[in-house]
Amino acid sequence: KIVSWPIEIKEQSRNMAVEMLKADLAIVSGGYTIWELLYMRVPFLAISLTDAQRSYLPLLLENGICANLGWHEDLTPDTVHKSVIGLIHDSVLRMEMRNKAERMMVRDQMGQDLLEILDKGV
């Protein structure tokens, strides 16, 4: 059975927060946008564009914070497709990602858990 989902690609937006609120999941680089997605509780797949992202995204994956697509030069349409479809079909994982984000972002020191995870990996 072939199922199609509405897909929107946003390269630029005057109000990205509104776009994030409408999203069921996102594909982003591993930069600052991940903080916004965590705050908005949007499950995401992250791509490493820098060596720093290449080192910390596996830690985020290991801690259930995101799906890691890996290094940008190693990506193929097939690997991205499989990862996206896998996350779309795994409602439990998406809910766990949302719950993890909610627990991380409601505290007085927002993001402290994430910083602790990153510190352990360094």
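The values are calculated or read from the model by the stated rules, or taken from the named source; none is laboratory data. Since this is a predicted model, take the numbers as computed values, not measurements. Cβ: placed from backbone, ideal geometry, glycine included. Neighbour counts: every protein chain shown. Heads up: the accessible areas ignore ligands, DNA and RNA and are worked out on the full protein's heavy atoms, side chains in. Shrake-Rupley method; radii C 1.70, N 1.55, O 1.52, S 1.80 Å.
Restricting attention to the range 1-38, which residues are in contact with a Gly (Cβ under 9 Å, 6 or more places away or on another chain) and open to solvent by 40 Å² or more (accessible area, probe 1.4 Å)?
Looking only at the range 1-38, we keep the residues that are in contact with a Gly (Cβ under 9 Å, 6 or more places away or on another chain), and these are 35, 38.
TRP35 - this is the single residue of the range 1-38 that is in contact with a Gly (Cβ under 9 Å, 6 or more places away or on another chain) and open to solvent by 40 Å² or more (accessible area, probe 1.4 Å).
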Failed item in (1) open to solvent by 40 Å² or more (accessible area, probe 1.4 Å); (2) over 16 Å from ILE85 (Cα atoms), with GLN53 passing the rest: (1)
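Return yes when ILE47 is in contact with a helix residue (DSSP H, G or I) (Cβ under 9 Å, 6 or more places away or on another chain), of a type in the set (A, V, I, L, M), within 14 Å of ALA101 (Cα to Cα) and not in a loop (DSSP other than H, G, I, E, B) and no when it is not. Walk me through how you get there before you give the answer.
Values: in contact with a helix residue (DSSP H, G or I) (Cβ under 9 Å, 6 or more places away or on another chain): yes; of a type in the set (A, V, I, L, M): yes; within 14 Å of ALA101 (Cα to Cα): no; not in a loop (DSSP other than H, G, I, E, B): yes.
No, not satisfied.
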One residue from MET97, MET105 being at pLDDT 80 or above and surrounded by 16 or more Cβ atoms within 10 Å (Cβ to Cβ): MET97
Failed condition for TRP71, given (1) in contact with a strand residue (DSSP E or B) (Cβ under 7 Å, 6 or more places away or on another chain); (2) open to solvent by less than 50 Å² (accessible area, probe 1.4 Å); (3) under 18 Å from LEU25 (Cα atoms): (3)
